[in-house]
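The values are calculated or read from the model by the stated rules, or taken from the named source; none is laboratory data. As the structure is a prediction and not an experimental result, all values here were calculated from the model. Glycine also receives a Cβ, built like all others from the backbone with ideal geometry; neighbour counts cover every protein chain displayed. Quick note on the areas: whole protein, heavy atoms, side chains included, nothing else; ligands and nucleic acids left out. Shrake-Rupley method; radii C 1.70, N 1.55, O 1.52, S 1.80 Å.
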Amino acid sequence: AAPEQVALPGARQPQDAPGQPISVRALGTLGQGVALDPDAVGAAPATGSGRRRKLAEPAPQGRAFAIGAPEAGAAEGPEPLDGPGGAVEVVNRPVPQPLDDELPPEPLDNPRRLLVWPAPDVQTQAALSERGYRPVIVHSREEVDAQIAAFPAALFVDPLTGPITRTALQSLRQAAVAAEVPVLVTAGLGHATREAAYGADPAVLLKALAPRDSEQHPSRVLLIEEKDEIAAALTAALERRGMQVARAGADTDAVELATRTRPNLVVMDLMQVRRRRAGIVDWLRAGGQLNRTPLVVYTADSITAGDLPRLGSGESVLYLSERSTTAEVQGRIVDLLAKIGTN
């Protein structure tokens, strides 16, 4: 039977016939085997004096193979390509893939894309630009999907800046989590009577953001809140919506609690996010959970110490309010975006 043939791109062919295959059988009878790589292709086997006679320049491109000789006592003829002594690829130079014409990956020294919904206010826009981000406004899951090829740093959602439905918010979150893009949602908390706060229950927002392990398992929420009254009010609202809540009083305590509960959602007072040392965000990243665990940060500037007793007694309730736009709050939001958007 004729010996099996295999083409070796980049190798010099017999009789100077480019493109003609080389016999594996012929190479296999060299006794010791021969390694073909970009530096050896085109070189003759060693002579008795140990010198090599160069026949051709190495090919600038190509793939290299190691081809072994037949084992002792084996029948004459080539080995199967996937069997012992067959062709084993030892070098495979990657072929550059075509880039997306609209969304090519950007150099690291260029502003990083930050998916934003809705358009940020002027102060936030300026703060993001100063930190090296280029906000890209998205309005739908399809637009989030279209931006994934450009490796955005994060999805930043501020539902109080513009109206968004629960379904749309959930869809944005699902698209980002599926693409392993961190999600940060900002909100503000206020207090009012139940009638005045009707329809602004923060638990509605949080339930739309909280992924679940399965239909049979409720979402696990890690709440980081120092004030007992605010924590109790938020916990009651979340549990009423069918979510399980584990509460930590500080960012440092949250790491130990998160280790046990593995939360699907982290909700915390923005002022408690550690800006320098390691905290819950660093723990999520170290455990590979940051891209699958949305973060919700809120400010409660409108709630004073005198309001807390009424909040704790149920006389008033928490509701979503316009978030603070002070320089301190804006700076913390941008710092947190930089923290979760780090490669």
Exercise for the section: Those residues that are of a type in the set (Ser, Thr, Tyr) and either within 24 Å of Glu142 (Cβ to Cβ) or surrounded by 15 or more Cβ atoms within 10 Å (Cβ to Cβ) (or both), I need them from region 174-199; list them, please. Expected result: Thr186
Handout entry: Search result, residues across region 133-152 that are in a loop (DSSP other than H, G, I, E, B) and touching a residue at least 40 places away in the same chain (Cβ under 8 Å)
Key = Phe151, Pro152
Exercise for the section: Inspect region 153-169 for any residue being within 30 Å of Gly249 (Cβ to Cβ), assigned to a helix (DSSP H, G or I) and either in contact with a Pro (Cβ under 6 Å, 6 or more places away or on another chain) or open to solvent by 10 Å² or more (accessible area, probe 1.4 Å) (or both) and give the result as yes or no. Expected result: yes
